[in-house]
Structures are given as structure tokens and as C-alpha cells.
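Shown next, in C-alpha cells, is the structure this report addresses.
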Amino acid sequence: MTAGPLLELAQVHAGYGPSRVLFGLDLALDPGSALALLGRNGMGKTTTIRAILGLLPVASGHIRFAGRDVTGLPAHRIARLGIGLVPEGRQIFPNLTVLENLVATARPGHGDWTLARVHDLFPRLAERRDNLGSELSGGEQQMLAIGRALMTNPRLLILDEATEGLAPLVRQDIWSALDRLRGAGLAILVVDKDVPALARLCDRHAVMERGRIVWTGTSRDLLAAPEVTHRHLGLGAAGA
């Protein structure tokens with residue numbers, strides 16, 4: 001068990017070329033907990049994920065994962081320390097079958113994720129194992145993206161727009177799966193706009209505005225502060 005936070009960002013500044021996007025970002029996630037990263041579009045959520053994964057250079061500050069300073073490490077080395085990504089847009093391999101997608105990046109790691117366990121979490125993937133990625137619905141593709149990330153046996157699962165564009169029943173399936181993962185002790189960092197679902201899943205929430213964290217709190221704090229969702233997320237009370 002990691003002593004202290006599993007993931008910690010301290011005064012992180014990052015951006016694209018001369019354009020700075022993150023300004024002194026502080027963020028922490030404990031082992032086995034779930035953290036929601038909230039904010040309107042363009043406020044730096046995806047940039048934060050890219051910085052964590054080493055896909056974007058950090059101009060200053062530090063990122064630590066599992067007690068190790070990973071600032072400046074290549075992306076593949078950071079991933080192998082135990083971070084699984086479900087990217088925005090899913091980015092599955094469209095010309096590979098479901099089975100091939102799942103085994104393409106599979107590796108031993110910090111859990112015991114196997115094909116059988118992924119199929120138990122998402123039975124639809126077992127049914128569609130021989131279908132190409134391009135033949136799947138959006139919801140099935142998201143299930144596949146999550147399953148593919150789990151096959152790397154991560155300590156931390158990061159989801160960028162976990163349920164964006166999915167039908168209500170499919171969103172419910174995704175949230176149920178994430179709840180099972182959290183119950184099994186997997187740490188989760190999730191970006192999404194469904195505040196009620198995030199409040200049920202997550203221990204804590206961090207709201208971003210213009211590359212900074214402007215509010216943090218528990219689910220109870222978030223649901224009791226409609227001004228936060230209205231001002232920073234453009235939503236009514238409790239995400240309505």
C-alpha cells in the first residue's frame with residue numbers, strides 16, 4: 001500500500017508551446033479513492049490528464065505517482081507504473097476485433113485483470129468478441145476502452161469524459177461498472193458532466209477554471225453548493 005497520496009500534483013504549470021494552460025495546479029488522490037475533475041470545456045481538465053501521463057511537458061512543479069516523482073518521465077514508463085487511461089473519444093482500434101483490442105496492450109501489473117474478469121464486468125464484450133471495433137455502438141466502444149485499460153492491470157484508472165454522448169441506459173451501465181471497480185479498491189480519476197452520478201461514485205471533487213483548482217470538497221459539499229455547479233459548470237442544482 002502506498003503511504004500518502006497515490007497521485008499528487010504540486011504547483012504544476014504546463015501548456016502547449018508558449019501557451020500556458022495549467023497555472024500552479026495542486027491535486028491529490030488517495031489509494032483506492034475516486035476523484036472527479038470538473039469544469040467547463042477548455043478549462044484544463046484534459047491538459048491535466050496529459051500532464052499526468054507524460055504526454056505534455058511540465059514547465060514547472062512536480063507530479064508524483066505511487067511515491068515516485070514522475071515529472072518528465074516518458075509516457076510509456078509512467079503508464080507501466082500503473083496508470084490506465086480511457087481517453088476522450090475512446091480511441092479503440094477500429095480494425096481489430098474486440099478480443100484483439102483487449103489483448104493488444106494487456107500486461108501484468110498491480111491487479112489480476114484477465115479476459116474472464118473483463119467479460120464479467122461487461123458481458124456484452126464477450127458476446128461481441130469477434131466483432132471489429134468499428135462495428136460496435138458508442139456504448140460498446142466505451143466498455144471496450146475501459147476493458148482495454150483494465151487489461152493493463154493499473155493502480156489508477158483515468159477516464160476523460162466517461163459517459164459523454166452515451167444513451168441513458170448505457171451511462172447507467174458505465175457508472176455501475178465504475179462503482180464495482182471502486183468497490184474492488186481501484187483508484188479512479190474521472191472527468192464527466194453528470195454531477196449526480198459523480199457524487200455517488202466519488203469521495204472528492206475538484207473544480208477547474210482557467211487552469212486552476214478553484215473549489216474542492218466532498219460529494220455532500222458539492223450537492224449542498226448549487227452555486228458551484230451553476231457558476232463553474234453551467235449547470236443547475238445538482239447537475240440538473
Tally of residues being crowded, with 17+ Cβ neighbours inside 10 Å and touching a Ser or Thr at 6+ places or on another chain (Cβ under 9 Å) across region 196-213: 11
Quick one: THR216 ticks every box in (1) surrounded by 19 or more Cβ atoms within 10 Å (Cβ to Cβ); (2) modelled with pLDDT of 90 or more bar one, so which box is it? (1)
What residue, of ALA28, ALA51, ALA14, ALA34, is more than 20 Å from THR152 (Cβ to Cβ), surrounded by 14 or more Cβ atoms within 10 Å (Cβ to Cβ) and within 16 Å of the chain's Cα centre (by Cα)? ALA28
Quick one: would you say ASP120 is closer than 24 Å to SER176 by Cα and either under 19 Å from the mean Cα position of the chain (by Cα) or not in a helix (DSSP H, G or I) (or both)? no
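Conditions tested, residue by residue: (1) in contact with a Cys (Cβ under 6 Å, 6 or more places away or on another chain); (2) touching a residue at least 60 places away in the same chain (Cβ under 8 Å); (3) aliphatic (A, V, I, L, M); (4) under 30 Å from GLY24 (Cα atoms).
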site: LEU169; (1), (2), (3), (4): no, no, yes, no
site: ASP173; (1), (2), (3), (4): no, no, no, no
site: SER176; (1), (2), (3), (4): no, no, no, no
site: ARG180; (1), (2), (3), (4): no, no, no, no
site: LEU186; (1), (2), (3), (4): no, yes, yes, yes
site: VAL191; (1), (2), (3), (4): no, yes, yes, yes
site: PRO196; (1), (2), (3), (4): no, no, no, yes
site: HIS205; (1), (2), (3), (4): no, yes, no, yes
site: MET208; (1), (2), (3), (4): no, yes, yes, yes
Can you name the number of the only condition in (1) surrounded by 19 or more Cβ atoms within 10 Å (Cβ to Cβ); (2) part of a helix (DSSP H, G or I) that THR152 fails? (2)
Subset tally (residues that are over 10 Å from GLN141 (Cα atoms), surrounded by 13 or more Cβ atoms within 10 Å (Cβ to Cβ) and in contact with a Gly (Cβ under 9 Å, 6 or more places away or on another chain)) for region 94-104: 5
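The values are calculated or read from the model by the stated rules, or taken from the named source; none is laboratory data. Being a predicted model, the structure only gives us computed values, none of them experimental. Because the Cβ atoms are built from the backbone with ideal geometry, glycine has one as well, and the counts that use them run over all protein chains shown.
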